[in-house]
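Presented below is the structure to which this report refers.
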Amino acid sequence: MPELPEVEALCRALDEPVRAFPIEQAGPAHVATLKTYDPPLRTLEGRRLAAAERRAKRLLFPTEDGELVLLVHLMSAGRLRYLRAGEKGPKTPAFRLRFEGGGQLVLTEGGPKKRAGVWLLSPEAAAAELEHLGPEALGLGTERLGEILAEQPRRLHSLLRDQRVIAGIGRAWSNEILHTAKLSPYAPAQGLSPGQVRTLADAIDSELERGLELRERGVKDAKVYRVHDKLGEPCYVCGAPIARVDFEEHTIYYCPECQTGGRVLKDRRLSRLLR
């Protein structure tokens, strides 16, 4: 799933083109993709978008008149692109806005499951839709992070991925952040020393900023991630093979040497298979 660096880079790339012209046609939208029906999409036609904005992993496109907000959540397989006039696009997108001047904002989604979503909301309804989200991860700071960790009797990897607690980090960047901080994914949040809290806060900022800078340059996953999805490859710090813990819904990648003192982490599913 695109996380803060990916969504922020996309937001910055879309901001100028989506503001350039009024919307000529709103839709079509796949029945599983469009999550709202009132107001109808056609109420966007003739209006201008004021900006492309981001909250956590979601994209927000408020209208210039302040009356509507188009909210897009890409989930795992959604991809949002701006196609310039004359540029060829997909025949059956999950969602499309066509602008005067010929440009298009197009959402596509790979695979049979349609999980990406589009909402057309009032500003008040958009705020309510997002009110469950925690503070933004980037720029969180040591003091605020320490307060959050003190309230959470959980493992670090699980906590970092919880959008209700800290917004914007998912599976991949949790792996990168914890490796940089030299902390075990299983470390209890309430067990960190003040120095470890400071190191983790610094790692959150440095890794998300690194990811954003690379994504804005168009760098692909293989060169962006240094730990995530690198099973068996040498750790770029110590050379030890990167290890993995598999769960049904997610996978943790880590360096046993840098993060767990040489201990290999196990998950319940693997443990059951080895009995």
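The values are calculated or read from the model by the stated rules, or taken from the named source; none is laboratory data. Just so you know, these numbers come straight off a predicted model, no measurement behind them. So basically every Cβ, Gly included, is an ideal-geometry build from the backbone, and we count neighbours across all protein chains shown. All accessible areas refer to the heavy atoms of the entire protein, side chains included, with ligands and DNA or RNA removed. Shrake-Rupley method; radii C 1.70, N 1.55, O 1.52, S 1.80 Å.
Odds and ends about this structure:
- Solvent-accessible area assigned to carbon and sulfur over segment 160-275 amounts to 48 percent, based on a 1.4 Å probe.
- Local net charge near residue 149, Cβ-Cβ under 15 Å (Lys/Arg +1, Asp/Glu -1): +1
- Å² per residue, accessible surface of the chain at 1.4 Å: 50
- Shape parameters for segment 122-275, alpha-carbon atoms, Rg then Dmax in Å: 16.2, 55
- Per principal axis, descending, Cα span of the chain in whole Å: 60, 36, 36
- Net charge dipole, segment 1-99: roughly 360 debye, given to the nearest 20, about the Cα centre with Cβ charges of +1 for Lys and Arg and -1 for Asp and Glu.
- Bridging of residue 220 to aspartates and glutamates at a Cα separation below 19 Å is possible for 3, 6, 8, 109, 176, 207, 209, 229, 233, once same-chain residues fewer than 8 apart are set aside.
- Mean Cα-pair separation over length for the chain, i.e. relative contact order, pairs under 8 Å, 6 or more apart, %: 16
- Out-of-range pairs (alpha-carbon distance over 27 Å; input 182/223; 91/113; 91/223; 182/230; 230/266): 91/223
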